[in-house]
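Okay, so here's the structure we're looking at.
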């Protein structure tokens, strides 16, 4: 019997020779027309080789058996518990490992095993959820970059929540088309916070100014994100903004002055608890006197209401024709009209609003100049 000769030879052979012979034995088990007795003996020999002191032998066994559905399950499970570089081979490839096995291995908390599982083709949703919940940062990155993984929206959100502060995972999430606008906005916040902490650590700006710059950058990015998002995502986005304390009067005003009516209307609907259709009707009705009541129901301050009414009047009169940047950037002409209207107010409450509008006007002028110059160069 050939297996008997193999067992006698393997006791004294060098590790490299044993590894080559082990690979040949495993391939013979899978693909050769062995007799029943030889088949049983070959399986027994491979089980014995699991105790071989050389990792070269066990690795050769894993390489030969990992992708086959005909491999002995006991050997596959034993190899899955071997040292990381050997276990990774079967964890990534073996069809014999069921979802429950994989979830248990993810829960064991060993990052190399989690990474190998995250690389699996057609990774099921339950295993992806386990990696998102308890996997290491490296495993989550591999999961997000695996195009064959079935990942639920909740799992994507969990990865963003746990590791959104890491640049590599942020970039991988931004590259996915199935990441919700609310999740993308949360990643923008984490990026803004990271940049703010970097600036403070270098002492490039005072803390107060750094916080203001970070907030403005985050609001600007949020408007840009909303401008390229689907309309049906707006309600979920504003719910996220409200829950995270970002749905401020300044952001609502910025949305309107950027021409982003879907975000503006969704924000007022969220804050006022009115139906979106009712809010939209009030916003687009030129004769409506209900804008003030709507804004008051939304809890906006009187100064912001004055600016919003002026902006809506300007929108109804001239719209956004000739403005740069679509619905993602502030509109300079509209801001100038709102400024003119608000500067005629004499109340002391208007001063913070005027400061904000002047900053908006400066930002809009710089963006308009940049886009104009880019168009000239392109032409």
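The values are calculated or read from the model by the stated rules, or taken from the named source; none is laboratory data. All values reported here derive from a predicted model rather than from experimental measurement. Because the Cβ atoms are built from the backbone with ideal geometry, glycine has one as well, and the counts that use them run over all protein chains shown.
With the structure loaded, tell me whether residue 73 is touching a residue at least 12 places away in the same chain (Cβ under 8 Å), within 28 Å of residue 112 (Cα to Cα) and either in contact with a strand residue (DSSP E or B) (Cβ under 6 Å, 6 or more places away or on another chain) or loosely packed, with under 14 Cβ neighbours inside 10 Å (or both) or whether it fails that test.
On the way: touching a residue at least 12 places away in the same chain (Cβ under 8 Å): yes; within 28 Å of residue 112 (Cα to Cα): yes; either in contact with a strand residue (DSSP E or B) (Cβ under 6 Å, 6 or more places away or on another chain) or loosely packed, with under 14 Cβ neighbours inside 10 Å (or both): yes.
Against the criterion (touching a residue at least 12 places away in the same chain (Cβ under 8 Å), within 28 Å of residue 112 (Cα to Cα) and either in contact with a strand residue (DSSP E or B) (Cβ under 6 Å, 6 or more places away or on another chain) or loosely packed, with under 14 Cβ neighbours inside 10 Å (or both)), residue 73 qualifies.
List every residue pair whose Cβ atoms lie under 7 Å apart, where the two residues are 6 or more positions apart in sequence or sit on different chains, the first residue falls within the range 29-52 and is over 17 Å from residue 69 (Cα atoms), and the second residue, located anywhere, is assigned to a loop (DSSP other than H, G, I, E, B).
Listed by first residue and then by second, the contacts come to 38/1; 41/1.
How many of the residues making up the range 360-376 are under 31 Å from the mean Cα position of the chain (by Cα) and in contact (Cβ under 8 Å) with a residue 24 or more places away in the chain? Spell out the reasoning first.
Looking only at the range 360-376, we keep the residues that are under 31 Å from the mean Cα position of the chain (by Cα), and these are 360, 363-364, 366-368, 370-371, 374.
Keeping just the survivors that are in contact (Cβ under 8 Å) with a residue 24 or more places away in the chain gives 360, 363-364, 367-368, 371.
Count: 6.
Counting only residues that are more than 28 Å from residue 244 (Cα to Cα), in contact with a helix residue (DSSP H, G or I) (Cβ under 7 Å, 6 or more places away or on another chain) and either surrounded by fewer than 17 Cβ atoms within 10 Å (Cβ to Cβ) or not assigned by TED's automatic domain parsing to the domain that holds residue 107 (or both), how many does the range 122-162 have?
Result for the range 122-162: 3.
Could you name every one of the helices (runs of 4 or more DSSP H) located completely within the range 299-379 that has at least 2 residues being at pLDDT 85 or above, under 18 Å from residue 255 (Cβ atoms) and out of contact with any helix residue (DSSP H, G or I) (no Cβ under 7 Å at 6 or more places or on another chain)?
Of the helices (runs of 4 or more DSSP H) lying wholly inside the range 299-379, those with at least 2 residues that are at pLDDT 85 or above, under 18 Å from residue 255 (Cβ atoms) and out of contact with any helix residue (DSSP H, G or I) (no Cβ under 7 Å at 6 or more places or on another chain) span 350-378.
Which helices (runs of 4 or more DSSP H) does the range 56-159 wholly contain that include 1 or more residues that are within 30 Å of residue 18 (Cα to Cα) and under 22 Å from the mean Cα position of the chain (by Cα)? Give the steps one after another, and end with the answer.
On the way: elements: 73-79, 84-93, 99-107, 111-118, 125-134, 137-145.
Passing ranges, in order: 111-118.
Give, as residue ranges, the helices (runs of 4 or more DSSP H) completely inside the range 216-293 that count at least 1 residues that are under 13 Å from residue 308 (Cβ atoms). Talk me through it step by step, then tell me what you get.
Working: elements: 234-243, 249-257, 261-272, 276-284.
The qualifying helices (runs of 4 or more DSSP H) are 249-257, 261-272, 276-284.
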